[in-house]
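Engineer: Here you go, one structure.
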Amino acid sequence: MASLSGVRWLTRALVSASNPGAWRGLGTSAAAQAASRSQAEDVRVEGAFPVTMLPGDGVGPELMHAVKEVFKAAAVPVEFQEHHLSEVQNMASEEKLEQVLSSMKENKVAIIGKIHTPMEYKGELASYDMRLRRKLDLFANVVHVKSLPGYMTRHNNLDLVIIREQTEGEYSSLEHEVRPEKLGGAGMEVGERWSSFPRSPSCFSFLTQSARGVIECLKIVTRAKSQRIAKFAFDYATKKGRGKVTAVHKANIMKLGDGLFLQCCEEVAELYPKIKFETMIIDNCCMQLVQNPYQFDVLVMPNLYGNIIDNLAAGLVGGAGVVPGESYSAEYAVFEMGARHPFAQAVGRNIANPTAMLLSASNMLRHLNLEYHSNMIAEAVKKVIKVGKVRTRDMGGYSTTTDFIQSVIGHLHPHGS
């Protein structure tokens, strides 16, 4: 009963108000709400909504160019404040990060490309992309996987939503070297070397067999954040008129970590008796998605599983180039591609598919209550794909990014006017 009452307290706190500057199903304080309304009114007087734009790496800048061209042709009342943050283009620093954060905190809404994370360790485990999401507390990532009429794939008429917690789990950047690769003093015994480093009893028996090369990577699962993402998923299902939520986990192996996540989902599910609740182990979920994805409606899961499932599900409807995504905190909303790939091999070749970014931009306009412009752009993109004359290479065609953009612009208004 105590845990359930805790969930009810969290429920009241999360849905206390509606906030147009963030996910509307998850409210913030009345003060934040008033500030958001005041800002929106000021912007309307000036004639444009300010939106932070981060082009990112790979084909990100090209996709953002597509968004700007289509917005210009559609006369969308949005003013982009562009910032560049990149770890691979020597455009990343604490100063730039603070500039981006300041802009996003002021505007409440952003559209971003993939910020590529190098694999090389340079003294900082958390990437700028991860730090950005943590500082804004963008805890909920939403990827709507939906088939596009006119584009045939192995599975058609799909419509499912993947909701991922993205502030903890395996992506907590808490790693340390228990036993370094290179140990000093060739004559030292294992026991002597062990005494020189931080003790970790859980891996002591292993270390007696292996003298070097041991890393511990911590997976963090908390009740508060597990309840929060579960609450978000059920709120989303309620708001969108969806009938089922599936919690994805690996509690059979990670009995405490994923066990806590699963327990929190079960507790929150009790508050939503009209929504069917199921659970599924992650490896089985992957197989079921490939064999029969129609059984799913809304899926909620921890960080790493969500990252994998986002990409797997995107492949079911045509790949990363056609699936939009978005991330929410209680105050901020960030719109991006559903499957985060920089597509470095396509840079400068004018072959990138702007569908996902344009659909994400359309979702952003809907979030800003610009329904007319949102529908205009989304319908234009879908018409181009349905007609099928203009297809980028990832969709089996030979059209360029520019061809696609011009075709979308041509479908913005009736008869191309």
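Engineer: Can you work out the FRET efficiency for the pair Gln291 and Glu175, with r the C-beta to C-beta distance and R0 = 45 Å, to the nearest 0.05?
Structural biologist: Values: r = 35 Å, r/R0 = 0.78.
Computed FRET efficiency for Gln291 and Glu175: 0.80.
Engineer: I would also like to ask the following. For Thr153, what residues show an amide H to amide H distance below 5 Å, using hydrogens built from the backbone and excluding near sequence neighbours?
Structural biologist: Long-range HN contacts for Thr153: none found.
Engineer: Enter the Cα centre distance for the pair segment 364-417 and segment 266-314, rounded to the nearest angstrom.
Structural biologist: 30 Å
Engineer: Would you kindly find the accessible area of Leu148, with a 1.4 Å probe and non-protein molecules such as ligands, DNA and RNA excluded, rounding to the nearest 10 Å²?
Structural biologist: 20 Å²
Engineer: Of Ile351, Ile111, which has the most accessible area and how do the rest follow, probe 1.4 Å? Don't skip to the answer; put the middle values down first.
Structural biologist: Numbers: Ile351 30, Ile111 0 Å².
My answer, sorted largest first, is Ile351, Ile111.
Engineer: Additional query: What is the distance, in nm, between label points placed 7 Å from the Cα along the Cα-to-Cβ direction at Lys219 and at Asp283?
Structural biologist: Distance between the two pseudo-spin positions: 1.3 nm.
Engineer: Rounded to the nearest 10 Å², what accessible area does Tyr171 have for a 1.4 Å probe in the complete protein model?
Structural biologist: Probe radius 1.4 Å; accessible area of Tyr171 about 70 Å².
Engineer: Sticking with this structure for a sec: Using only protein heavy atoms and a 1.4 Å probe, report how much of Phe296 is accessible, in Å² to the nearest 10.
Structural biologist: 10 Å²
The values are calculated or read from the model by the stated rules, or taken from the named source; none is laboratory data. Predicted model, so just to flag it, every value in this text is computed and none were measured. We place every Cβ from the backbone using ideal geometry, glycine too, and count neighbours over all the protein chains shown. Ligands, DNA and RNA are excluded from the accessible area calculation, which covers all protein heavy atoms including side chains. Shrake-Rupley method; radii C 1.70, N 1.55, O 1.52, S 1.80 Å.
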